[in-house]
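Trainee: Before anything else, here's the structure in question.
The values are calculated or read from the model by the stated rules, or taken from the named source; none is laboratory data. All values reported here derive from a predicted model rather than from experimental measurement. FYI the Cβ positions are ideal-geometry reconstructions off the backbone, even for glycines, and counts take in every protein chain you see.
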Amino acid sequence: MKTLLLFPFQLNSIYITKLGVEFENIKVFDHQSFYTRYKYHKKRIALHRSALLHFVEEYKHYPITHLWIEDLEDFYQTYNNDDTYMYYPNDRDDMLFIKPLSNVHFYDDPLFLVNRDAWQSLLTKKPWKMDTIYRQLRMKYDILMDSGKPVGGKYSFDGDNRKPYKKGLSFHPTISFELDTISKDVIHWTNTLFKDHPGEVTTMDYPVSRTQALEALDYFIHYRLATFGDHQDVMMKHDPFMSHSLLSTSLNLGLLTPMEVIKKAEKAYHDKLANIEPVEGFIRQILGWREYIRGVYFMTPNYHDKNALDHHLKLPDFYWTGNTELNCLSHTIQETISNSYNHHIQRLMILSNYANLIGVEPKELNNWFNTMYVDAFDWVVTPNVMGMGLYADGGQMSTKPYISGASYIKKMSNYCDGCKYDPNLKTGEKACPFNSLYWDFIDTHKDNLTNNPRMSMMLNLHHKMDKALKTSYKEQAKKHIESI
């Protein structure tokens, strides 16, 4: 009897049909550890459980059932045979989970465009660069190409998608879904079994089924893609979603395939629903960054232990509560707690930036990201946090530390309005701590960054800086860190 075993995030019919095998048994298996590996946000737990149960219901015309594993040894003994088929997971903990299964047929995940083994040849010369991979994939799959050349004359319109915050910005609202019986039951299950986990869950804010995911994709393409590009790096109080797609959960759970999302976005450009700038920027996040991050993860087996900057501070308690007088952090973290979501610039330039400037142990912040986000899987979180966010890998996959003082936050958000601290002041009680922390970081790590061409301008400014001002920055940074 041929059996297909699916992880609870391999929720697409492609996994069933791809191999051309007629399965008499399809088991979407589930285990308590999938909900407790980290102390996951309740919204993440509820979404993942509801999506699993909806998948089983939606594809009941197949011989498919939900398998809750009570006894791991029995599970391994039952399915460790040559009639069992599986797809490799991406997270290392999931690979360890199935390690005892040595006699099954294993296949690569079909919902990625680059085979896991191909990364051995694609990522060779360091520092690794996403742009090279992205261009190859654009050409290979003929995405936004015209006679072998990129549409619009260049591969990236990133520079056009970084416009600053301005008053009066508004965006089309996000799509919403009504709770059905499955989701209501799952919310009750989550609140009963995981009551001490972060956050609250009373609604399902993200698609829980293939049907809903396709609705969400169409909604984004028609109403929100056109305004995605210009201000995708902006951060706004009381508008956590702006024009972001909110499709990461659907992609990471398998409810959508990357190529169908990419193709619909490309068609939107050809149908004149959106200009090239937002379309290319959106496609690059999926075709470029998402694939690249997975490759980096595969190629860095000890990523969790990276700490190139030798940072060891405990993660501040307010990352769990939002109780801080720094408006940017308070608003961002309160949104995390409420939505189990922040967009990429909040994650990078507020949460990771601050943690890096004060010297947080990289693993602490990485664990927090894995815990708090609804779209979190270790394969996507760890390279983004340890590599991009914290430069803990010493520049393996990003060309510089992504740090900033208060000026960037003021430019790109309205967080500074009404804040206790003044982003324009460099020192003194009212000065924004980001300013002194930034220059203290530069001073502390100047030897590590000397050979980094992208940091040369700031290192030169620091070198020419008045000695008394340098001392003032260091003293103020020290005082702030001690007050946390």
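Trainee: Here are some conditions: (1) assigned to a loop (DSSP other than H, G, I, E, B); (2) in contact with a Lys or Arg (Cβ under 7 Å, 6 or more places away or on another chain). Leu256 meets all but one. Which one does it not meet?
Mentor: (2)
Trainee: A follow-up question, please. I'd like to check something: does region 124-143 contain any residue that is more than 23 Å from Met397 (Cβ to Cβ) and more than 24 Å from the chain's Cα centre (by Cα)?
Mentor: So far as region 124-143 goes, yes, one or more of its residues are more than 23 Å from Met397 (Cβ to Cβ) and more than 24 Å from the chain's Cα centre (by Cα).
Trainee: I would also like to ask the following. Kindly indicate the residue of region 251-270 that is within 17 Å of Val114 (Cα to Cα) and among the hydrophobic types (A, V, I, L, M, F, W, C) and also surrounded by the most Cβ atoms within 10 Å (Cβ to Cβ) among those meeting that condition.
Mentor: Leu256
Trainee: Which of the following residues is crowded, with 19+ Cβ neighbours inside 10 Å, touching a residue at least 12 places away in the same chain (Cβ under 8 Å), in contact with a Ser or Thr (Cβ under 9 Å, 6 or more places away or on another chain) and farther than 29 Å from Thr371 by Cβ: Ile14, Ile26, Ile45?
Mentor: Ile26
Trainee: Kindly evaluate Lys60 against the criterion of being within 30 Å of Leu214 (Cα to Cα) and loosely packed, with under 12 Cβ neighbours inside 10 Å.
Mentor: Judged against the criteria, Lys60 is a match.
Trainee: On the given criteria, is Phe194 closer than 27 Å to Met388 by Cβ and either touching a helix residue (DSSP H, G or I) at 6+ places or on another chain (Cβ under 7 Å) or surrounded by 17 or more Cβ atoms within 10 Å (Cβ to Cβ) (or both)?
Mentor: no
Trainee: Scanning region 170-191 for residues that are hydroxyl-bearing (Ser, Thr, Tyr) and out of contact with any helix residue (DSSP H, G or I) (no Cβ under 7 Å at 6 or more places or on another chain), which turns out modelled with the lowest pLDDT?
Mentor: By that ranking, first place goes to Ser170.
Trainee: Now a separate question. Can you list the helices (runs of 4 or more DSSP H) lying wholly within region 402-484 that have 1 or more residues being farther than 27 Å from Ser330 by Cα and hydroxyl-bearing (Ser, Thr, Tyr)?
Mentor: 456-464, 467-483
Trainee: Would you call Glu57 over 30 Å from Tyr303 (Cα atoms) and not in a helix (DSSP H, G or I)?
Mentor: no
Trainee: Anything in region 409-420 that is in contact with a Phe, Trp or Tyr (Cβ under 9 Å, 6 or more places away or on another chain) and surrounded by fewer than 19 Cβ atoms within 10 Å (Cβ to Cβ)? List them, or say none.
Mentor: Hit for region 409-420 is Lys411, nothing else.
Trainee: Name the one entry in Leu246, Leu217 that is closer than 23 Å to Glu277 by Cβ, not charged (D, E, K, R) and not in a helix (DSSP H, G or I).
Mentor: After ruling out the rest, the residue left standing is Leu246.
Trainee: Next up: Tell me the residue from Met397, Met386 that is over 24 Å from Ser245 (Cβ atoms), under 18 Å from the mean Cα position of the chain (by Cα) and either crowded, with 24+ Cβ neighbours inside 10 Å or in the same structural domain as Thr249 (by TED's automatic domain parsing) (or both), please.
Mentor: Step by step, each of Met397, Met386 is checked, and only Met386 is over 24 Å from Ser245 (Cβ atoms), under 18 Å from the mean Cα position of the chain (by Cα) and either crowded, with 24+ Cβ neighbours inside 10 Å or in the same structural domain as Thr249 (by TED's automatic domain parsing) (or both).
Trainee: Right, another one. Within region 271-318, how many residues turn out to be closer than 26 Å to Ala118 by Cα and among the hydrophobic types (A, V, I, L, M, F, W, C)?
Mentor: Summing the residues that are closer than 26 Å to Ala118 by Cα and among the hydrophobic types (A, V, I, L, M, F, W, C) in region 271-318 gives 9.
Trainee: Take Phe106 and decide whether it is more than 19 Å from the chain's Cα centre (by Cα) and either on the phi < 0 side of the Ramachandran plot or touching a residue at least 60 places away in the same chain (Cβ under 8 Å) (or both).
Mentor: yes
Trainee: To continue, here is another question. For the subset of region 412-454 comprising residues that are of a type in the set (A, V, I, L, M) and more than 20 Å from Ile345 (Cα to Cα), which member is modelled with the lowest pLDDT?
Mentor: So the residue we want is Leu449.
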